[in-house]
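Colleague: First the structure, which I've put down as structure tokens, then a few questions once you've had a look.
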Amino acid sequence: MATDFWASSHYKRWNIDRATVKLARSQDLQYVDDPEYLDFLSIFFANLIGKLGKKLGLRQRVIATAIVFFRRFYVKNSYCETDPFVVIAACCYVAAKAEESPIHIKNVVTEARLIFSSEEIGVKTFPSDNHKLAEMEFYLVADLDCDLVVFHPYRTLMSLCGKEGQITIREAEAGEMGTGIDDGPRYWGTGEGKLELQEGAVQLAWFIINDTYRSDLCLLYPPHLIAIAALYLTVVLHATTHNQLHGPPSSQGSQSQTHSSKIAPRRSSRPTNSSLKRHTQQDIVTFLAGLNVNMSLIATIAQEIISMYTLWERYKEDPSDTSARNTFSASQFPSTSNTLPSAPVSGRAGMMRSGSVFSGGTATSSAGTPSTGEDLSGSQHRLGQLPQLVKPAVMTPLFLTQVLLRMREAKMVDMGMVVGGMRPMAYDKRLERAQAAG
Amino acid sequence: MLSAESSNMFMQDPMRFYRAKRDSARRRVGDKYTILGFISSGTYGRVYQARSKEEDGQIHAIKKFKPDKEGDVVTYTGISQSAIREIALNREISHENVVALKEVLLEDKSIYMVFEYAEHDFLQVIHHHSQTLRSNISTSVLKSLTYQLLNGLLYLHNAHIIHRDLKPANILITHQGVVKIGDLGLARLTQEPLQPLFAGDKVVVTIWYRAPELLLGAKHYNKAVDIWAVGCVVAELASLRPIFKGEEAKLDSKKNVPFQKDQLLKIFEVLGTPNEHDWEGLKNMPEYQNMKRMDTYNTQLHKWCMSRQSLATAQGFDFLNQLFKYDPDQRLSAKEALQHQWFQETPKPTANAFHGLPQHQIPPNRRITQDDAPSMMPLPAVAATSQLQTTAASQLQAAQAQAQLSGKGSAGSFGSVGGAGHTRKKARLG
């Protein structure tokens, strides 16, 4: 049944384990200078899909579906053997159709060319021919095994704390949940009751879910668990909701202390439970416990979300993103906010659609490393001659594009495409790294 | 470093190796199936009968979507929304009374959907009784067909799928007398749609089976449109002709949907003109004023039922009457319909709809034509040059023109153009 997750293609064929995900990158690992780049590429590509999707007027759920398609495609393929930019465009194009909000192929080509060839990304090779994209669509659908119905955490979030169809996520994604003609039953747990959260908190959870697509979480875990993990993080992070758990707001110092203890690795659920005893209106802990899901799994997912944010800290793109990571960087990691000067970029704060609930959403990443951009652009010109790209402190799209290009070239060299090249024919970065490490 | 030349080539087409890899691994239709003949065609493409080359040698129906053409050259221009829908939904569902998708093959710019094979369909049964036997469909068969149809529909509705194109040609029956709902090309998931349903497809459901709320221009509709179509199908099984056989008003040049006066008239003549008392939402219908200008009629449904053998009981009339409620909210759901007392009356429905029938009463096997089939199938696995593809494409056009002229070649199933003189109209937009 199309609404029964447990009978869906999503659950039966595309909920895959970590080993499979890892295996999927094994060829890329051979050709990448630093394995970490692959994680940044993962963020970079998801952001690009989001960007292209927004430009095409796609809803968040369509964008999410496109990203899932993209990740599923790369479970079977390697970055270095394909052109991720064409794949990105095809994913948006197919996702729009799969989610019943089709867009014209010409628009996809036009917008994709515009975005990809921008100075920020610097990919000028995107084909202007519609047929090329349509051809990619064909291969994409085949590689997806024609499984085009994707489940997302948004629905769980809304069925847990929304008012089904009447929820007002005012600024950002109003109407996202559709017109609510038909409400499906919750496909797990008791299906009873709603979590009463403030609107700002629901919105924060929504944004956290958006952000999870920057990692492989959507391949690894069922969407309802991701939603609950996002809710769990929201309860911890959202200031007013958090205060609600603790009764009257405590002093600033003890606040940040509880934050850090709660978010510390491998201790996520225990200390939380003990500290959440006091509550005012609804017992959120009891509610979450009553969901009858594996809470240690939820803790694991929450950890992974936090790891993703940590990584993302070191990635810099344009300042207009509406993610929840600002909440993380500003209020969540005491180490970050202490060491880095808290220098709010006014433009960024102004453009945040998340409103006042995010206390002091600052761009810590850019503030911390102001000069890397220049360093990087300098290094790119010398790219051809360098044995390795100089790893910048902060990743940028332009740098990652270069990483990708080099992987592709290395792969080509390996395939014997170039006779008499300067590199040895066998080109295995893993070997190189092992040697370097002694 | 790479030479500028090869680097350039790779830059131009970074997907070259990927495609080569996929193309060589691809299982081809011709490698897996022997095409036995042509079944039917429609706007979407054509359907063939094929035997699997696996040891079981099962028979399948292969639906080939029409490849996109620019002139004579077959190119990629994007998979149609209808194909995406049909593929996406079929991959998720599995029910005895819904045609099962075995696999999808993508080859030479065409999409092939391999379905389980069904020997008969409702339209064929109707024709067999009206043309050959010249007798009614027995109450037992009619009831069994209806029950199984509703059972499949209940599954789809529970899965939040509205079929939106139920009609006799789309409802298949296997050799074993099991009903299979087919053709999900117009079907939609209704759970949390990002756009209202009407935004995607301006016109849904073949005109004779289209529910009054759609004819009156409703912007929101639901599963009840399928139930209306079931009512029409049941009535057609009982009387061997469409109950509301209206003329479709065509879309104007701006693709505005016209007022379907004739179709509504045909409905009112049997069911009477609806009023606000029966249907509270009536006055909010966009075409309400147009409707008001029509003559008024009283219901004749009871009389209609009493003159049809299989529905001529109190329960039979009540059943059809409940399927034909004007107010979509008052119309029976698939579940309620299955629980209707009519199914408790003897004769009761049977798992094999043809149970106990003498052989001659079972409609003949699907007609399979040979002539134009070979040219339509992909060339043998040897590399097909573009020259050959071009030839195939022009043959395709010729073959289709021929099929349309001959008309009767199709048994009408899989949502095809109709057989035996009917013109089955289906408008697809968007």
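The values are calculated or read from the model by the stated rules, or taken from the named source; none is laboratory data. Note that this is a predicted model, so its numbers are computed, not measured. Reconstructed Cβ throughout: ideal geometry from the backbone, glycine too, with neighbour counts over all protein chains shown. Calculation scope for accessible area: heavy atoms of the full protein, side chains included, ligands and nucleic acids excluded. Shrake-Rupley method; radii C 1.70, N 1.55, O 1.52, S 1.80 Å.
Colleague: Using a 1.4 Å probe and ignoring any ligands, DNA or RNA, find the accessible area of B:HIS302 and quote it in Å² to the nearest 10.
Modeller: Using a 1.4 Å probe on the heavy atoms, I get roughly 100 Å².
Colleague: I would also like to ask the following. Does region B:121-220 classify as rounded, prolate or oblate by the C-alpha gyration tensor (a ≥ b ≥ c root eigenvalues; a/c under 1.5 gives rounded; else a/b over b/c gives prolate, otherwise oblate)?
Modeller: It is prolate, given that a/c is not under 1.5 and a/b is the larger ratio.
Colleague: For A:ILE103, B:ILE111, give the ranking by accessible area with the largest first, probe 1.4 Å.
Modeller: Working: A:ILE103 35, B:ILE111 10 Å².
Most to least solvent-accessible, the answer reads A:ILE103, B:ILE111.
Colleague: Filter the trypsin sites (Lys or Arg not before Pro) in region B:266-326 down to the DSSP loop ones having no more than 12 other Cβ atoms within 10 Å, then list what survives. Before the final figure, lay out each step's value.
Modeller: Details: sites: B:LYS266, B:LYS283, B:LYS292, B:ARG293, B:LYS303, B:ARG308, B:LYS325; in loops: B:ARG293, B:ARG308, B:LYS325.
Filter output for region B:266-326: B:ARG293.
Colleague: Amide H to amide H under 5 Å from B:GLU107: which residues, 5+ apart in sequence or cross-chain, H placed 1.01 Å off N in plane?
Modeller: B:TYR112
Colleague: Also, quick follow-up: If DNA, RNA and ligands are ignored and the probe is 1.4 Å, what is the ranking of B:LYS53, B:LYS63 by accessible area, most exposed first? Each step should come with its number before you reach the end.
Modeller: Working: B:LYS53 115, B:LYS63 5 Å².
Result, largest first: B:LYS53, B:LYS63.
Colleague: Same structure, new question: In square angstrom, rounded to the nearest 10, how much accessible surface does B:ASP201 have for a 1.4 Å probe?
Modeller: Surface open to solvent at B:ASP201 totals about 10 Å².
Colleague: Under 18 Å Cα to Cα from A:LYS76, which lysines show up? Leave out anything in the same chain fewer than 8 places away.
Modeller: Within the straight-line limit of under 18 Å, A:LYS76 reaches these lysines: A:LYS12, A:LYS22, A:LYS411, B:LYS21.
Colleague: Roughly speaking, to the nearest percent, how much of region A:24-124's 1.4 Å accessible area is carbon and sulfur? Intermediate values should be presented prior to the final figure.
Modeller: Values: 1330 of 2680 Å².
In region A:24-124, the share of accessible area belonging to carbon and sulfur is 49 percent.
Colleague: With all protein chains present and a 1.4 Å probe, how do B:ASP262, B:ASP329 order by accessible area, largest first?
Modeller: B:ASP329, B:ASP262
Colleague: Okay, moving on. Kindly report the accessible area of region B:120-361 per residue (heavy atoms of protein chains, probe 1.4 Å, no ligands, DNA or RNA), in Å².
Modeller: For region B:120-361, the solvent-accessible area averages 39 Å² per residue.
Colleague: If ligands, DNA and RNA are left out, what is the accessible area of B:PHE17 with a 1.4 Å probe, given in Å² to the nearest 10?
Modeller: 40 Å²
Colleague: If I model a spin label at A:LEU38 and B:VAL270 as a point 7 Å from the Cα along the Cα→Cβ vector, what separation in nanometres do I get?
Modeller: Distance between label points: 6.3 nm.
Colleague: Same structure again: Which lysines have a Cα less than 26 Å from the Cα of B:LYS143, not counting those fewer than 8 places away in the same chain?
Modeller: List returned: B:LYS167, B:LYS180, B:LYS223, B:LYS245, B:LYS266, B:LYS303, B:LYS325, B:LYS335, B:LYS348.
Colleague: Using the basic label-point model (7 angstrom from Cα toward the beta carbon), what is the B:SER135 to B:GLN300 distance in nanometres?
Modeller: For the pair B:SER135/B:GLN300, the computed spacing is 2.8 nm.
Colleague: On to the next question. For region B:120-361, with only Lys/Arg (+1) and Asp/Glu (-1) charged at the beta-carbon, what is the dipole magnitude about the Cα centre, in debye rounded to 20?
Modeller: Dipole magnitude for region B:120-361 comes out near 360 debye.
Colleague: Which of the pairs B:LYS63/B:LYS102; A:LYS106/A:LYS132; A:LYS54/B:LYS64; A:LYS54/A:LYS194 have their Cα atoms more than 23 Å apart in this structure?
Modeller: A:LYS54/B:LYS64; A:LYS54/A:LYS194
Colleague: Something else now. Taking the Cα-to-Cβ direction at B:THR350 and at B:GLU280 and moving 7 Å from each Cα, how far apart do the two end points lie in nm?
Modeller: With each label point 7 Å from Cα toward Cβ, the separation is 4.5 nm.
Colleague: Pull out a ≥ b ≥ c, the square roots of the eigenvalues of the alpha-carbon gyration tensor of region A:1-152, then state rounded if a/c is under 1.5, prolate if not and a/b is larger than b/c, and oblate in the remaining case. Numbers along the way, then the final one.
Modeller: On the way: a/c = 1.75, a/b = 1.07, b/c = 1.64.
It is oblate, given that a/c is not under 1.5 and a/b is not larger than b/c.
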